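Heads up: the structure comes next, in structure tokens.
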Amino acid sequence: DVVVGGLASGQVVMWDLAEAREAHKLEKALTDDSSEEGGANTICAQAKIFSAVDHSHKRTVTDLQWLPPSLETGERNKFVRKLGQHQDQFLTIAGDGQLLVWDVRRAREVLEQELGKPKGEQEEEKKDEKKKKDGWGPSLKMPLTHPDSGNELAATSLILDVPPAEDAA
């Protein structure tokens, strides 16, 4: 139910379609619209969260790939195998020479923190946000450099090939 996308600004945005579906069901029930075809069945979802500008790419996001449910970044910024059914992390690249790893769970934590605060505190924090540079950011940043020259690489696409886990038997 989560959709993520990269923007020309270098930021990443997340939508929650589950909430949009629920809102659509309520609206449809209130208007007593029983048609099954056309625009009445189109759901509109507002963006839930944008990544912090200071923690995002410096150029347009050119590709995004979800990590398979069996893989995630762990401690010490290494990719580790896990037992899981949920895809919680994804990778983005841009022309700024960085590969960023994002975690949807972290975005939800940031949202919960914002929603749990009184209105006055939220407005106060919005003013201080530029100073703090907090917000949803990547869990890992990896510079992409040429192995021989050390020059920054401006990647445009990402191919993720994860070999299957070896059996312990």
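Here are the numbers:
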{"read-out": "Every residue from the stretch 73-118 that is open to solvent by less than 10 Å² (accessible area, probe 1.4 Å) and either among the hydrophobic types (A, V, I, L, M, F, W, C) or in a loop (DSSP other than H, G, I, E, B) (or both)", "value": "PHE90, LEU91, ILE93, ALA94, GLY97, LEU100, VAL101, TRP102, VAL104, ALA107"}
{"read-out": "Residue list for the stretch 59-100, restricted to those being under 17 Å from GLY137 (Cβ atoms) and among the polar types (S, T, N, Q)", "value": "THR73, ASN77, GLN89, THR92, GLN98"}
{"read-out": "Any hit, the stretch 28-43, residues being among the hydroxyl-bearing types (Ser, Thr, Tyr), under 30 Å from ALA165 (Cβ atoms), outside any strand (DSSP E or B) and at pLDDT below 95", "value": "no"}
{"read-out": "Contacts under 6 angstrom Cβ, first residue in the stretch 26-37 being open to solvent by less than 100 Å² (accessible area, probe 1.4 Å), partner at pLDDT 55 or above, 6 or more apart", "value": "ASP33/ALA40"}
{"read-out": "Any pair with Cβ under 6 angstrom, 6 or more apart, that starts in the stretch 136-156 at a residue that is under 26 Å from ARG108 (Cα atoms) and ends at one that is surrounded by fewer than 16 Cβ atoms within 10 Å (Cβ to Cβ)", "value": "LEU140/ASN77"}
{"read-out": "Among (1) open to solvent by 20 Å² or more (accessible area, probe 1.4 Å); (2) at pLDDT 90 or above; (3) under 30 Å from LYS25 (Cβ atoms) - the single one THR60 does not satisfy", "value": "(3)"}
{"read-out": "Residues satisfying the stated conditions in the stretch 135-169, i.e. open to solvent by less than 70 Å² (accessible area, probe 1.4 Å) and not in a loop (DSSP other than H, G, I, E, B)", "value": "TRP136, LEU140, MET142"}
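The values are calculated or read from the model by the stated rules, or taken from the named source; none is laboratory data. Everything numeric here is computed off the predicted structure, so don't read it as measured data. Reconstructed Cβ throughout: ideal geometry from the backbone, glycine too, with neighbour counts over all protein chains shown. Calculation scope for accessible area: heavy atoms of the full protein, side chains included, ligands and nucleic acids excluded. Shrake-Rupley method; radii C 1.70, N 1.55, O 1.52, S 1.80 Å.
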